[in-house]
Amino acid sequence: MSLFITFEGPEGAGKSTQLAHLVRRLEAAKLLHTVTREPGGTPLGLRVREVVLDPALSIDPLPEFLLYSASRAQLVQGVIRPALARGEVVVCDRFLDSSLAYQGAGRGLDGDFLRAVSREATGGLIPDLTVLLDLDPALGLARAAERGQPDRLEQADLAFHERVRAGFLALAGEEPGRFLTLDATRPESELAGNIWTAVHNRLFRQAPA
Ligand SMILES: Nc1ncnc2c1ncn2[C@@H]1O[C@H](COP(=O)(O)OP(=O)(O)OP(=O)(O)O)[C@@H](O)[C@H]1O
Ligand SMILES: [Mg+2]
């Protein structure tokens, strides 16, 4: 029963937190699953992650996008497609929509170009469900800051992060069937419940008992 789920949203919105909740529920339900993240998830992806998040590096928008795409291509080919082919639930922390929001809405790269390259990188793979945790970037950055030194993207100015947030919301508006958009200021456990209901619906075509 394969299903491809992605978590999206600005810095500190609670993507990793909610992904962990979902994974616990998948385990409890004894559903085979693969958990991964972008950039990362493969040896190449981990190297790319070090590069793109390095606060000491200055990277232009185009090479930044191409680096993410390289990581994504390897991840889809090496991890996501094989897991889906085995019938697993695949849960990915960030995916294509992050490029469209950050490198498109945020950095100003052309959306059609991003989509064309991404189609090649993913072989046209689109998530079945995308959970968008929506949050005021000022709040998200404050949450992330409690973790320590900001990474290269967390250091970008607030106007950039406002554009990213608007970019995510626009994407969700274009594909309401794929996106589950949630207010990330709500309590963690409530959000986890909403996400599980949406996943359960897609797996079993009905809400959990
Ligand atoms: N619903 C919530 N309400 C309040 N705080 C939350 C909520 N969910 C997560 N947090 C807190 O916000 C911080 C960031 O959460 P998390 O790391 O899951 O976000 P993220 O979206 O994965 O961030 P990043 O973009 O940096 O990977 C953590 O300290 C977490 O405990
Ligand atoms: Mg995270």
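Readers should treat all values here as calculations from the given coordinates under stated rules, not as data from a laboratory. In this text the structure is predicted, and so the values were computed from the model without any measurement. Cβ: placed from backbone, ideal geometry, glycine included. Neighbour counts: every protein chain shown.
Annotations
- Scoring 106-117, 31-42 by mean Cβ neighbours within 10 Å over their residues and listing the highest first yields 31-42, 106-117.
- Span from the segment 1-41 Cα centroid across to the segment 54-79 one, whole angstrom: 21 Å
- Compared with the dominant principal axis of the Cα atoms in the chain, helix 61-75 is inclined by about 30°.
- Dipole magnitude for the chain: computed about the Cα centre from +1 point charges on Lys and Arg Cβ and -1 point charges on Asp and Glu Cβ, it is near 800 debye.
- With a cut-off of 20 Å on the backbone N, the residues of segment 37-71 near the modelled label site 7 Å out from THR17 along Cα-Cβ are 37-38.
- Computed from Cα atoms, the angle from the helix 158-174 axis to the main principal axis of the chain rounds to 40 degrees.
- Residues with amide H under 5 Å from that of ARG37, placed H, sequence gap 5 or more: ASP93
- For THR6, the residues whose modelled amide H falls within less than 5 Å of its own, excluding neighbours fewer than 5 places apart on the same chain, are CYS92, LEU129, THR130, VAL131.
- The alpha-carbon positions of the chain define a convex hull whose volume is 115 Å³ per residue.
- Backbone N within segment 124-162 under 18 Å of label point (7 Å from GLU174 Cα along the Cβ vector): 124-133
- Counting neighbouring Cβ atoms within 10 Å and putting the fewest first, the residues ASP128, ASP97 line up as ASP128, ASP97.
- Sparsely packed loop sites in segment 140-179 (the trypsin sites (Lys or Arg not before Pro) outside DSSP H, G, I, E and B with at most 15 other Cβ atoms within 10 Å) comprise ARG147.
- Taking the longest Cα principal axis of the chain as reference, the axis of helix 43-53 is set at about 50 degrees.
- Principal axis analysis of the Cα atoms in segment 107-147 yields extents of 37, 26, 17 Å, listed in decreasing size.
- Computed over segment 34-131, Cα set: Rg, Dmax in Å: 13.1, 41
- Built amide H within the under 5 Å cut-off of ILE126, gap 5+: none
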